[in-house]
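Computed from the coordinates by the stated procedures, all read-outs in this text should not be read as laboratory data. These figures come from a predicted structure and were not determined experimentally. All Cβ positions, glycine included, derive from the backbone under ideal geometry; neighbour counts span all protein chains shown.
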Amino acid sequence: EEYVDKEGPTPTILAVGDDGVVEPLGDLNISGLWNMTDATTGNTATYSFLHSPGSDRFSGQFTGLQKAEISNGSIEGSTITWTVHGATNMGTLSDDGKHITNLQVVLEGETVATFTGVWQQELPRELVRVWASFRTEDGGEAGDRYKVELHVAGRWRAVSWKKLADGADAVETLEDGSTPELPPALAPAAPLEDTGSYYVVAGWNMWTFQQKMQKDDLLGIHVLEVKMLWDGGDFQIIRDGDWSQAFHPEYAGVTDGNSITGPHDYEHGLNWCLHGRAGDVFRIDFQRSFVDGQESKMLSWQKLRHEELTLEESRESRRSSYYLVGTMETGRERKLKMEWEKDRFCYSVLFEIGKSGEEWFAILWNGDWDWRIYPSRPDAYPGEGCEHRLLGPDRGGSDLFWKISEASGDEDAAGETYEVQLLLDDAGQPWKVDWSRL
């Protein structure tokens, strides 16, 4: 399995009706590239919007120097609204959906700019990364048998394997002339039951294994009911809490279950999306079964109802969380949740330094790999001799980490317990990382 490039899908997002059915609504469509011009200064801003015809919701991206996804995109009558970089944008949309007038940009209660927006062109259909499977000569199916050999010659070692034939030919005579007993068939005529557990990992649960799907009475059916605490709904499905057994669509942003591939290594960004609103309750159904050695996978979801958020749910939806990720021995793609400490006005986490005596790490906001917090220089550490700034959360800095090592003054750290703190400023925003040996 590998990535290949092919032309991506038409860049539109369908609307979800009150009954949970995905369908286009009306004729109005603002999808495309937009140019916004400040009437006073002449400054410009460029956006790309994704919108289904006539829907009251849309998504998009600001493509200036500080790229960012928009949120809370909505259209009510002739009023269009969205949020980006913490600022609310509200203007008047023309009947044809090609002009926006009196676009007020409001930040912390103050109008900081007034723009006029003009639609420029359709979004290009770019090549997208698609996960594709290719069958090799020795590729197998459920029930196939293989002979695996380990060859040792001094310090040289090699592993080889070959696919065995069916029936009696599946047994080879050993060097001593004996014939091993053929084990029971792995693929019986009746459907093979998958005994694994399945988890929905998603933006709403910080991409963790908090939500295990419940097994239905029907063979291979796994079900999860979830209430959205905020708009959106990106998710993947993981078997047995193992990131190397991930199920996801072939390309990003898929809005139905028709595209599904896996299990294989987790691929960040290839998600299904519910496109729900805060308070929407969805049911997700996943089925995986084997009949006559052939695997079948099906995924579907539906909106069951809408419930207003409780007071505690509203608080939870506004609460940030932070996760430490790095070289700590926590498993592939695992995260350490940082705990809030009100007295010190910081988030903190404890972990043990590995045998190397060194650890690299960064921090994820709300557990999302697209929102990393990282230093402005490689192998950063607090204190004198390593001036740096805290950056993010954003999609940058994939090769920038803090590092606990001798260079940071942490000699003989192997096996020692460390506390990492993420300190916040007066506005509650991350501003500094520090650590100490306990």
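Measuring r between the beta carbons of SER320 and THR46 and using R0 = 30 Å, the FRET efficiency lands at 0.55. When VAL291, VAL201, VAL226 are arranged by Cβ crowding within 10 Å, least crowded first, meaning fewest neighbours, the order is VAL291, VAL226, VAL201. Here region 285-369 is treated as a sphere whose radius is the Kirkwood value from Cα pairs; by Stokes-Einstein at 37 °C and 0.692 mPa s it diffuses with a coefficient of 191 µm²/s. Going from the residue with the fewest nearby Cβ atoms within 10 Å to the one with the most, MET206, MET36 rank MET206, MET36. Summing Lys and Arg as +1 and Asp and Glu as -1 over all other residues whose Cβ lies under 9 Å from the Cβ of SER197 gives a net charge of +2. Over the alpha-carbon set of region 198-306, divide Rg by the Kirkwood Rh and report the Rg/Rh ratio to two decimals. Ratio value, two decimals: 0.94.
Can you pick out the pairs among LYS355/LYS403; LYS212/LYS342; LYS215/LYS337; LYS337/LYS403; LYS297/LYS335; LYS212/LYS335 whose Cα atoms lie more than 20 Å from each other? Correct reply: LYS212/LYS342; LYS215/LYS337; LYS297/LYS335. Cβ crowding within 10 Å ranks ARG239, ARG319 as ARG319, ARG239, fewest other Cβ atoms first. A Förster radius of 30 Å, combined with the Cβ-Cβ distance separating LYS432 from GLN120, puts the computed FRET efficiency at roughly 0.15. Converting phi to 3J(HN,Hα) with the Karplus coefficients 6.51, -1.76 and 1.60 and the offset θ = phi - 60°, region 256-261 yields 8, x, 6, 9, 8, 9 Hz in sequence order, with x at every glycine or proline. The length gained by stretching the chain between LYS337 and GLU384 to full extension, at 0.36 nm per residue less their Cα-Cα distance, is 14.1 nm. Of all lysines in the structure, the ones whose alpha carbon falls short of 16 Å from that of LYS303, not counting any fewer than 8 places away in one chain, are LYS227. Listed peptides 85-94, 429-438 appear in the order 85-94, 429-438 once ranked by packing, highest mean of other Cβ atoms within 10 Å at the front.
Given a Förster distance of 51 angstrom, what is the FRET efficiency for ASP38 paired with LYS355, based on the Cβ-Cβ distance and rounded to 0.05? Result of the calculation: an efficiency of 0.35.
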